[in-house]
Amino acid sequence: MTEKISENIKREIEKLVRDINHHNYRYYVLDSPVILDEEYDRLYRRLKELEAHYNYILPDSPTLRVGAPPLEKFEKVKHSAPMLSLDNAFSFDEVREFDKRIKRLLNIDADIEYTIEPKYDGLAMELTYKNGLLFRASTRGDGYEGEDVTQNIKTIKSVPLRIEESGTIPDVIDIRGEVYMNLNDFETLNKQREHNGEPLFANPRNAAAGSVRQLDPSITVSRKLYLACYGIGTVQGEIAFKSQTGFIDWLKAARFPIPARVETVKGIEKIINLIREFEEARQSFPFETDGAVIKVNDFGLQQRLGVKTREPRWAIAYKFQAHQGMTRIKEIRGSVGRTGVITPFAVFEPVRIGGVTVSRSTLHNWDEIERKDIRVGDTVVVERAGDVIPHVVTVVKDKRTGKEKIPPIPEKCPACGSTVVREEGQVAVRCVSLHCPAQVQEKIIHFASRGGMDIEGLGEKNVELLYSTGLIKRFEDIYRLKKEALLELPRFADKSAQNLIDAIEKSKQAPMAKFLFAIGILHVGEYAAKLLAKNFEKLEDLFHVKPERIMEIRQMGTKIAFSVSTFFNDDKNIETLKLLKSLGLKITNPDFTLKKRGEMPLEGSTFVITGILSKARKEVEDLIERNGGHVSSAVSASTDYLVIGEDPGSKLQKAKKLGVETISFDELLQLIKRRSGNPRLFD
Ligand code: IVH
């Protein structure tokens, strides 16, 4: 049980929270850490320990950044003031027009003071802080109403959970900014997705949006996202910002991440010089920027200028020249991923775009080819945004000669020649052959990868070599590899061969979650693998499992359920699993937490949680689930209990309306104790 907390411990916790938040700020906002990762990890661990031991979690504790369970849907959020878009200018003359219009409307002759910031190509966000604490984060949506993505935004380390005291803290403030992904992180993510046989993101903006609009925050936390703040919605309380510059200064002091550059100058010609400078600097920004935003600095003048329907009159976005080029498609071919998905790609006549020669690009899927009406022989516009994977923007139909050919959807796998399948309503074309060499190699690479069995030295190149020499044809062959055989190969010397053998040996002790991910069951990513491990004690418990049993697990949909069930009902697969065991694989399962069914105190009851509890939300949910209960994110007629904390939300009203019983956290604990002689409370 929780120990009573002393003032000393409280102070230690408070200091840890302050220090870790400070180090997060140094690392994620200023990009200049002052401690080593190990030291950071030590502080974090200590805080976690104390919080769990004393059940004392501050509202801005960095430990709250991870671990919220998936939602069933996003709640809608009305913005207190509409989130506007911007007018575009495509030439300097249009920027000069903008300046003239402003002078005319304001009836001012003198030079106007403007700010200029890079335009971030990401996802617009509104962060609402109440009494200094992050209360809610919402997407822009249609400008008037967006979606509540607070749980996901909290996982972004540069988002302050509390406004740093830098003078006045407004009672309520809406801070607006852009969530974005850096170009190199975007590329890494896409490489990983390609490797996993998942569809690629077209650009960093889609990747950022896809990461934020995720019902499962554990996916968001795994994505590297950043924030840049540049605007305000409404403000309540004793604070008055006079200008964009003043506001940006406040943001900086309050430790919010601000745009990489904010310049303030008088006169439009100086702005035009800065636009030139920004456009040149564009390549050196780590993020994708498609323009510069120019704003009238003075908020008083902004107010006088007002807004049109959707855009303010006081700002404009200058759009940079896109990184595009024109070339001809010589060929459209397919490449086979681990899951057998055949992804089409175009082979171009090489073209230089932004200093790089581009000779191929993915076409994502066969539907996209049809949608964009892309044919072999077509002249196309290809875009390379920053250092991103190039993509076909559009076909230049004027250049068609009539000789272009519609690429047929392949009937045979380009790697192994077997017949492909396309499921009803699915965009993916798949090779389902068990012996397709492309898939087998990709599967083995995946099996050995970091997130899987983590066998160092068994990356792409070595798998290719071992496969082509016939030493590894399926995963079980990994565990039959002999050092002597490796030494025959050109790439291995005594030490490297020994290292690989050792790494393979080490991988034999694997947690079930990692193993389930590694064997590459269709649709089973790391998260689903962990859920399976939580619910099934041994691998054998999954043999011949029915899809219904998988669907009983919260968050498991039909797609995964059928895929898992199909996998474990295949005799060949089961044989392979048994074989792996006989080759020395020892699977442990530290994630398994459930007791036998029928013995669980909360079995059959559905819980919804609202408000701030004395324990982290995730811990309370785990507690309920450990005791057999089901946690849902929305109150409905099938809810049995609403667990309420401080400051409960609209769920309370709904529960009252539906006559759902409400209980406090303490009452929840009592309920568990009452119903069970052997409660599974906090560890
Ligand atoms: S100011 C009323 N500043 O661009 C003006 N917007 O195309 C609101 N954006 O919806 C926006 N960087 O999502 C502003 N430095 C910046 C920006 C920026 C990116 C986005 C924003 C806006 C969109 C308009």
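Looking only at helices (runs of 4 or more DSSP H) that lie completely in the stretch 438-531, which have at least 3 residues being surrounded by fewer than 21 Cβ atoms within 10 Å (Cβ to Cβ) and of a type outside the set (Asp, Glu)?
Counting at least 3 such residues, we get 460-468, 483-487, 494-507.
From the list Phe186, Phe201, Phe135, which residue is touching a helix residue (DSSP H, G or I) at 6+ places or on another chain (Cβ under 9 Å) and part of a helix (DSSP H, G or I)?
One residue alone meets the criteria, Phe186.
For residues in the stretch 165-210 being away from the ligand (no atom under 16 Å from the Cβ) and in contact with a His (Cβ under 9 Å, 6 or more places away or on another chain), which is nearest to Arg282 (Cα to Cα)?
Here the residue is Ala202.
Report, ordered by the first and then the second residue, all pairs with beta carbons closer than 7 Å, sequence separation of six or more or different chains, a first member in the stretch 109-123 that is within 13 Å of Val296 (Cβ to Cβ) and among the charged types (D, E, K, R), and a second member that is assigned to a strand (DSSP E or B) and more than 9 Å from the ligand (Cβ to nearest atom).
Asp111/Lys266; Glu113/Thr264; Glu113/Lys266; Glu113/Asp298
I'm told Asp373 meets every condition in (1) buried (at least 17 other Cβ atoms within 10 Å of the Cβ); (2) outside any strand (DSSP E or B); (3) away from the ligand (no atom under 16 Å from the Cβ); (4) not basic (Lys, Arg) except one. Can you identify the failing condition by its number?
Looking at each condition in turn, Asp373 falls short on (1).
Within the stretch 323-351, track down each residue that is acidic (Asp, Glu) and over 16 Å from Ile409 (Cβ atoms).
Glu349 - this is the single residue of the stretch 323-351 that is acidic (Asp, Glu) and over 16 Å from Ile409 (Cβ atoms).
Go through Val34, Val29 for me and flag whichever is more than 16 Å from the ligand (Cβ to nearest atom) and closer than 28 Å to Gly141 by Cα.
Within the list Val34, Val29, the selection yields Val29.
Any residue in the stretch 295-314 that is among the hydrophobic types (A, V, I, L, M, F, W, C) sitting within a Cβ distance under 6 Å of a residue that is within 11 Å of the ligand (Cβ to nearest atom) and assigned to a loop (DSSP other than H, G, I, E, B)? List the pairs, counting only those 6 or more apart or interchain.
Short answer, once both residue conditions are applied: Val296/Trp314; Leu305/Arg313; Leu305/Trp314.
Among (1) more than 23 Å from Pro217 (Cα to Cα); (2) part of a helix (DSSP H, G or I); (3) not aliphatic (A, V, I, L, M), where does Gly584 come up short?
Only one criterion is unmet by Gly584, namely (2).
Taking the stretch 211-243, which residues are aromatic (Phe, Trp, Tyr) and either assigned to a loop (DSSP other than H, G, I, E, B) or away from the ligand (no atom under 14 Å from the Cβ) (or both)?
The answer is Phe241, and nothing else.
Criterion first (of a type in the set (Lys, Arg), within 16 Å of the ligand (Cβ to nearest atom) and surrounded by 19 or more Cβ atoms within 10 Å (Cβ to Cβ)) does Arg261 satisfy it?
No.
Looking at the stretch 303-327, which of the residues that are within 9 Å of the ligand (Cβ to nearest atom) and surrounded by 16 or more Cβ atoms within 10 Å (Cβ to Cβ) is nearest to Val381 (Cα to Cα)?
Ranking the candidates gives Ala317 first.
Out of curiosity, is Val149 of a type in the set (A, V, I, L, M, F, W, C) and within 13 Å of the chain's Cα centre (by Cα)?
Answer is yes for this residue.
Of Glu147, Glu94, which residue is outside any strand (DSSP E or B) and more than 9 Å from the ligand (Cβ to nearest atom)?
Selected residue: Glu94, the only one of Glu147, Glu94 that is outside any strand (DSSP E or B) and more than 9 Å from the ligand (Cβ to nearest atom).
Filter the stretch 300-326 for residues that are aromatic (Phe, Trp, Tyr) and either part of a strand (DSSP E or B) or at pLDDT below 95 (or both) and give the result.
Across the stretch 300-326, the qualifying residues are Tyr318, Phe320.
Within the stretch 591-618, restricting attention to residues that are more than 18 Å from Glu72 (Cβ to Cβ) and of a type in the set (Val, Ile, Thr), which residue is modelled with the lowest pLDDT?
So the residue we want is Thr593.
Which condition from (1) more than 16 Å from the ligand (Cβ to nearest atom); (2) among the basic types (Lys, Arg); (3) farther than 21 Å from Ala254 by Cα is the one that Arg136 breaks?
All conditions pass for Arg136, except number (3).
May I ask you to verify whether Gly470 is modelled with pLDDT under 95, more than 34 Å from the chain's Cα centre (by Cα) and within 23 Å of Glu575 (Cα to Cα)?
Taking the combined requirement at face value, the residue satisfies it.
Mind counting the residues in the stretch 266-290 that are surrounded by 17 or more Cβ atoms within 10 Å (Cβ to Cβ) and in a strand (DSSP E or B)?
3
Would it be correct to say that Phe278 is touching a helix residue (DSSP H, G or I) at 6+ places or on another chain (Cβ under 7 Å) and either over 17 Å from Gly231 (Cβ atoms) or among the small types (Gly, Ala, Ser) (or both)?
For Phe278, the condition - touching a helix residue (DSSP H, G or I) at 6+ places or on another chain (Cβ under 7 Å) and either over 17 Å from Gly231 (Cβ atoms) or among the small types (Gly, Ala, Ser) (or both) - is not met.
Take the residues in the stretch 47-84 that are away from the ligand (no atom under 16 Å from the Cβ) and among the polar types (S, T, N, Q); name whichever of them is nearest to Glu14 (Cα to Cα).
Ranking the candidates gives Ser61 first.
Out of the residues in the stretch 107-129 that are more than 25 Å from Gly291 (Cα to Cα) and surrounded by fewer than 16 Cβ atoms within 10 Å (Cβ to Cβ), which is farthest from the ligand (Cβ to nearest atom)?
Asp109
Looking at (1) surrounded by fewer than 21 Cβ atoms within 10 Å (Cβ to Cβ); (2) in a strand (DSSP E or B); (3) of a type in the set (Ser, Thr, Tyr), which is the one condition that is false for Thr168?
(2)
Would you say Gly197 is surrounded by 18 or more Cβ atoms within 10 Å (Cβ to Cβ) and in contact with a strand residue (DSSP E or B) (Cβ under 9 Å, 6 or more places away or on another chain)?
Considered against the rule, which asks whether it is surrounded by 18 or more Cβ atoms within 10 Å (Cβ to Cβ) and in contact with a strand residue (DSSP E or B) (Cβ under 9 Å, 6 or more places away or on another chain), Gly197 comes out as yes.
Please go through the stretch 28-40 and pick out each residue that is modelled with pLDDT under 90 and under 26 Å from the mean Cα position of the chain (by Cα).
Tyr28, Val29, Leu30, Asp31, Ser32, Pro33, Leu36, Asp37, Glu38, listed by residue number.
Going through the stretch 667-683 one residue at a time, which ones are charged (D, E, K, R) and at pLDDT 90 or above?
Correct list: Glu667 only.
So the check is Cβ under 7 Å with 6+ separation or different chains; which pairs have a first residue in the stretch 509-520 that's without any contact (Cβ under 8 Å) to a residue 60 or more places away in the chain and a second one that's part of a helix (DSSP H, G or I)?
Taking only residues 6 or more apart or on different chains, the pairs are Leu516/Ala529; Leu516/Leu532; Leu516/Ala533.
The values are calculated or read from the model by the stated rules, or taken from the named source; none is laboratory data. The structure displayed is predicted, hence computed values, not measured ones. Quick reminder, even Gly has a Cβ in these numbers, built from the backbone with ideal geometry, and neighbours come from all protein chains shown.
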